[in-house]
Amino acid sequence: MKRLGILISGRGSNFEAIADSIAAGELDASIAVVIGNRPEARGLEVARQRRLNAVCIPSKGLDREVYDRMLLEELRQNGVELVCLAGFMRLLSATFIRGYPNRILNIHPSLLPAFPGLDAQRQALEHGVKVTGCTVHRVTAVIDGGAIIAQAEVPIAEGETHESLARKVHAAEHALLPSVIARLSGAQAAG
Ligand code: GRF
C-alpha cells in the first residue's frame with residue numbers, strides 16, 4: 001500500500017476524489033499527509049474534517065528552494081512514497097523533483113501537450129477544439145511537460161460555456177487520477 005502525499009492550493013476536489021476512492025476500497029493506498037501552500041485552501045479544511053493529517057506550509061514570500069526543502073522534509077517525515085499534485089499552483093524546483101525521482105504526478109485539465117499552463121479550459125474554448133480532457137503526467141522541470149501516464153477525453157458541446165466545460169473536465173479528473181494512482185500503487189514501483 002503506497003503512502004501518498006497530496007499537495008493542494010485551493011478547493012481540493014481531486015484530493016477528495018482520491019480520499020473517496022480509498023474509502024470505497026477502490027484504491028489501496030493511504031494518505032500520509034495533505035499539504036497546502038495557502039492557509040485559506042478549502043481542501044485543507046476538508047482534510048481536517050476527514051481527520052487526515054493536514055499541514056499548511058505557507059509559501060508566500062519564501063524563496064523557491066527554501067520552500068521546496070520544507071516540503072521535502074514534511075513529505076519524508078510522513079514516509080511519503082508517491083507525491084500527487086492536485087491543484088498545487090506552484091512551480092517546483094529541480095531540488096524537489098530530484099527528491100522524488102519519477103514519484104511525482106500532476107493532473108492537468110487538458111489533453112497535453114495541448115493547452116499547458118493556466119486556464120486550460122478557456123484556451124480550449126478559444127481554439128474551438130471539439131474534444132479536450134485531462135491528463136495525468138509525471139512532473140519534471142518542464143511545466144506540464146513530463147511523460148504522460150493517462151488521459152481522458154471530454155467532448156465540447158455546441159454552446160459550451162467555461163463553467164459547464166470546467167465541470168465536465170473536473171468530473172473526468174475525479175475518475176482518472178484515483179485510477180492512475182491505483183494502477184501505480186499496485187505496481188512494484190511507481191515507475
Ligand atoms: C484541476 O483542474 C487540476 O487539473 C488543476 O487544478 C485544478 C484543481 O482543482 N491542476 P481541485 O483543487 O482539485 O478542485
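The values are calculated or read from the model by the stated rules, or taken from the named source; none is laboratory data. This structure is a prediction, so every number in the text was calculated from the model and none was measured. Glycine gets a Cβ as well: all are built from the backbone with ideal geometry, and neighbour counts include every protein chain shown.
Which members of the range 1-17 meet the condition of being within 13 Å of the ligand (Cβ to nearest atom), closer than 19 Å to LEU92 by Cβ and not polar (S, T, N, Q)? Steps first, please.
In the first step, residues of the range 1-17 are kept if they are within 13 Å of the ligand (Cβ to nearest atom); the result is 6-17.
Restricting the remaining residues to those that are closer than 19 Å to LEU92 by Cβ gives 6-10, 12, 14-15.
Answer for the range 1-17, where residues must be within 13 Å of the ligand (Cβ to nearest atom), closer than 19 Å to LEU92 by Cβ and not polar (S, T, N, Q): ILE6, LEU7, ILE8, GLY10, GLY12, PHE15.
Somewhere in the range 104-111, is a residue more than 23 Å from LEU91 (Cβ to Cβ) and surrounded by 15 or more Cβ atoms within 10 Å (Cβ to Cβ)?
Step one: filter the range 104-111 for residues more than 23 Å from LEU91 (Cβ to Cβ), giving none.
Taking every residue of the range 104-111 in turn, none turns out to be more than 23 Å from LEU91 (Cβ to Cβ) and surrounded by 15 or more Cβ atoms within 10 Å (Cβ to Cβ).
Within the range 157-169, work out how many residues are within 12 Å of the ligand (Cβ to nearest atom) and closer than 16 Å to PHE115 by Cα. Before the answer, list the steps.
If we filter the range 157-169 for residues that are within 12 Å of the ligand (Cβ to nearest atom), which is where we start, we get 165-169.
Subsequent filtering for residues that are closer than 16 Å to PHE115 by Cα retains 165-166, 169.
Count: 3.
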- [ ] Taking GLY117 as meeting all but one of (1) within 11 Å of the ligand (Cβ to nearest atom); (2) loosely packed, with under 13 Cβ neighbours inside 10 Å; (3) of a type outside the set (Lys, Arg); (4) at pLDDT 95 or above, write down the number of the exception.
- [x] (4)
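Residues being touching a Lys or Arg at 6+ places or on another chain (Cβ under 9 Å) and either in a loop (DSSP other than H, G, I, E, B) or at pLDDT below 95 (or both): count how many of those fall in the range 140-156.
Going through the range 140-156, the residues touching a Lys or Arg at 6+ places or on another chain (Cβ under 9 Å) turn out to be 146-150, 154-156.
Then keep just the ones that are either in a loop (DSSP other than H, G, I, E, B) or at pLDDT below 95 (or both); that gives 146-147, 156.
Total meeting the criteria: 3.
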Task: Neighbours by Cβ (under 7 Å, 6+ apart or cross-chain): first from the range 152-178, free of Cβ contacts under 8 Å to residues at least 40 places away in the same chain; second assigned to a helix (DSSP H, G or I) and aliphatic (A, V, I, L, M) - done: ALA152/ALA172; ALA152/ALA175; ALA152/LEU176; VAL154/VAL169; VAL154/ALA172; ILE156/ALA124; ILE156/LEU165; GLU160/LEU125
Task: Filtered residues of the range 59-99 (kept if in contact with an Asp or Glu (Cβ under 8 Å, 6 or more places away or on another chain), of a type in the set (Gly, Ala, Ser) and within 16 Å of the ligand (Cβ to nearest atom)) - done: none
Task: Hits in the range 120-139 (condition: away from the ligand (no atom under 16 Å from the Cβ), touching a residue at least 24 places away in the same chain (Cβ under 8 Å) and in a loop (DSSP other than H, G, I, E, B)) - done: VAL129, LYS130
